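The structure appears right after this line, and notes come after that.
The values are calculated or read from the model by the stated rules, or taken from the named source; none is laboratory data. Here the structure is a predicted model, which means the values were calculated and not measured. For neighbour counting, all protein chains shown are included, and Cβ atoms are generated from backbone atoms with ideal geometry for every residue, glycine included. Only protein heavy atoms, including side chains, enter the accessible area calculation; ligands, DNA and RNA are left aside. Shrake-Rupley method; radii C 1.70, N 1.55, O 1.52, S 1.80 Å.
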Amino acid sequence: MIIRRVSLENIKSYRSADIDFTEGITGIAGLNGAGKSTVLEAIGYALFDSQPFKSQEEFVRNGEKTGSVSVVIVGSDGLEYTVTRKCGASPAYYIENEQGTRLFEGKDDVGHMLCD
């Protein structure tokens, strides 16, 4: 699996951000408090069901009710998929293909697809 892009909406210090990754090794640098750890936490949350905080609400930006993380990946079949995980008041977890068709929905189905 190759990560192409991470998109954050109302996640911790990010109101909205699109972070593109190029092929090869990627480093994330910045000042303390700039949001480097948040990017890594977001990837873990979307792809590996990792939640390093007590509740999803703690991951949502202060003053907002919902947030979302979308990670564009290249699967073993060479096709791009978008894994989206929403948190807070309107949780959701799904995978879409390049055409925007939902292929998998829910924690179990998404988790099985990502393992494959």
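Here are SER50, SER76, SER90: which of them is polar (S, T, N, Q) and in contact with a strand residue (DSSP E or B) (Cβ under 9 Å, 6 or more places away or on another chain)? Sole residue among the options that is polar (S, T, N, Q) and in contact with a strand residue (DSSP E or B) (Cβ under 9 Å, 6 or more places away or on another chain): SER90. For the criterion of being open to solvent by 70 Å² or more (accessible area, probe 1.4 Å), out of contact with any strand residue (DSSP E or B) (no Cβ under 6 Å at 6 or more places or on another chain) and either under 19 Å from TYR81 (Cβ atoms) or at pLDDT 95 or above (or both), ARG4 fails. For beta carbons closer than 7 Å, sequence separation of 6+ or different chains, a first residue in the stretch 18-37 that is farther than 19 Å from ILE73 by Cβ and a second that is of a type outside the set (Val, Ile, Thr) and not in a loop (DSSP other than H, G, I, E, B), the qualifying pairs are GLY30/LYS36; GLY35/TYR14.
What number of residues within the stretch 35-78 are assigned to a helix (DSSP H, G or I) and either open to solvent by 40 Å² or more (accessible area, probe 1.4 Å) or of a type outside the set (Ser, Thr, Tyr) (or both)? So that I can check it myself, show each step before the final result.
Here is the first cut: in the stretch 35-78, the residues assigned to a helix (DSSP H, G or I) are 36-48, 56-59.
Checking the rest, the ones that are also either open to solvent by 40 Å² or more (accessible area, probe 1.4 Å) or of a type outside the set (Ser, Thr, Tyr) (or both) come to 36-37, 39-44, 46-48, 56-59.
Final tally of qualifying residues: 15.
Scanning the stretch 15-34 for residues that are open to solvent by less than 60 Å² (accessible area, probe 1.4 Å), more than 13 Å from SER70 (Cα to Cα) and touching a helix residue (DSSP H, G or I) at 6+ places or on another chain (Cβ under 8 Å) gives a single hit, GLY30.
Pairs linking a residue in the stretch 41-58 that is over 16 Å from LEU114 (Cα atoms) to a residue that is open to solvent by 70 Å² or more (accessible area, probe 1.4 Å), with Cβ atoms under 6 Å and 6 or more positions apart or on different chains, are GLU41/PRO52.
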